[in-house]
1. Please tell me if residue 56 is surrounded by 17 or more Cβ atoms within 10 Å (Cβ to Cβ) and either in the same structural domain as residue 91 (by TED's automatic domain parsing) or without any contact (Cβ under 8 Å) to a residue 40 or more places away in the chain (or both).
2. Residues of the range 333-348 being under 22 Å from residue 111 (Cβ atoms) and in a loop (DSSP other than H, G, I, E, B), which ones?
3. Please go through (1) under 25 Å from the mean Cα position of the chain (by Cα); (2) within 29 Å of residue 213 (Cβ to Cβ); (3) buried (at least 17 other Cβ atoms within 10 Å of the Cβ) for residue 74 and return the number of the only condition it doesn't satisfy.
4. Could you check residue 103 against (1) exposed (fewer than 15 other Cβ atoms within 10 Å of the Cβ); (2) modelled with pLDDT of 90 or more; (3) not in a loop (DSSP other than H, G, I, E, B) and say which number it fails?
5. How about the range 42-77: which of its residues are touching a strand residue (DSSP E or B) at 6+ places or on another chain (Cβ under 7 Å) and under 24 Å from residue 167 (Cα atoms)?
6. Suppose the filter is at pLDDT below 95 and assigned to a loop (DSSP other than H, G, I, E, B); does residue 127 pass it?
7. Any residue at all in the range 366-382 that's part of a loop (DSSP other than H, G, I, E, B) and at pLDDT below 80?
8. Does the range 130-151 contain any residue that is in contact with a strand residue (DSSP E or B) (Cβ under 8 Å, 6 or more places away or on another chain), more than 30 Å from residue 332 (Cβ to Cβ) and part of a loop (DSSP other than H, G, I, E, B)?
């Protein structure tokens, strides 16, 4: 098979390329640099350009600089001036570490910056703001930079403010002679004395920089790349995914985890499912870990009776608990979270081992899929119990009640809606587009 293309375009979420304008409902990435807006008066606009932002001392999210990705939101401010005294700045905002505040009386609504967050984010239509529009509060004004005028009362004021911006930018760069060197192609800053390596496009001959976010060849002749199949690399949604212990889980992910227990309890869990522990460092829930070494330590008092169950865990909404006496250490589920996550080596006294740990509130989110470790005398028995449980969950041994699986991708099909099977354009082999991997068996 071949795919024809004539260049590239990078679509970024803000973590790599500065100035990305996210949609209001898109979740900002930590350390992203985003385009946002701020509404103010003409007099305040002059002061901001000259001296930078000053944090508001009060507001929905406490102290900070209030901005929004939604220009409609910025256009509502300030409330007490008419349209002839209204300016909207275009900004570049380095959000740093972001905290989502999506309900009234959130435990961190006014305390997010004291918990190590740089920006608080109110998503749209969550009930916190009366307008229902997206809003952000940035604790450090130095993270907010004015880069343009999105709206001004008239052309004269717009020109005045743009001139002030140009002078301020020149001043911050040390004057004309000390301006920051910039690559003429990608428009990014270059290290002093180390220009970017510019080269010619293999196809069209145009001079390009590999850090350019976009390039299309200026010729009708198109480059082609030949490939012979595909392989899917899952981020979150595959139940086969196993994160490293220090990797942060994403909301709604399905992860491989482990649980240590006794032989007797293992039989009961496989037969009847998990039950919540009523006590523990994170309150009620099922305690599991992505670190098998952690699971292998339990039960603490009987090393010869230990079984480690391999699990698939649907984490749902995840809350990170990384300090002793965290305000949500025992109340995370009451605040709408499904799983609490203690990262490794975070220093919590309740975890002297320093190993990663999770607590899942609803036992139905935890499924036993295998036996990672067990005494040899019971290993075969426990594996058979797991297999039997999976067979029962699929409707028993009767072929009429078994799960309807696609013969190619091995995934379940909806009843009466089999997957569409096609022939590979390159090798002619029958494929299902939901297969995680296909490599052509022949060339053409």
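The values are calculated or read from the model by the stated rules, or taken from the named source; none is laboratory data. Note that the structure is a prediction, hence the values are computed from the model and not measured. In this analysis, Cβ positions are derived from the backbone assuming ideal geometry, glycine residues included, and neighbour counts consider all displayed protein chains.
1. No; evaluated as a whole, the condition is false for this residue.
2. 336, 337, 343, 346, 347, 348
3. Failed condition: (1).
4. (3)
5. Scanning the range 42-77 gives 42, 45, 48, 49, 53, 55, 65, 67.
6. Values: at pLDDT below 95: yes; assigned to a loop (DSSP other than H, G, I, E, B): yes.
When the stated conditions are applied, residue 127 passes them.
7. Within the range 366-382 (the criterion being part of a loop (DSSP other than H, G, I, E, B) and at pLDDT below 80), the answer is no, since none of the residues qualifies.
8. Within the range 130-151, none of the residues are in contact with a strand residue (DSSP E or B) (Cβ under 8 Å, 6 or more places away or on another chain), more than 30 Å from residue 332 (Cβ to Cβ) and part of a loop (DSSP other than H, G, I, E, B).
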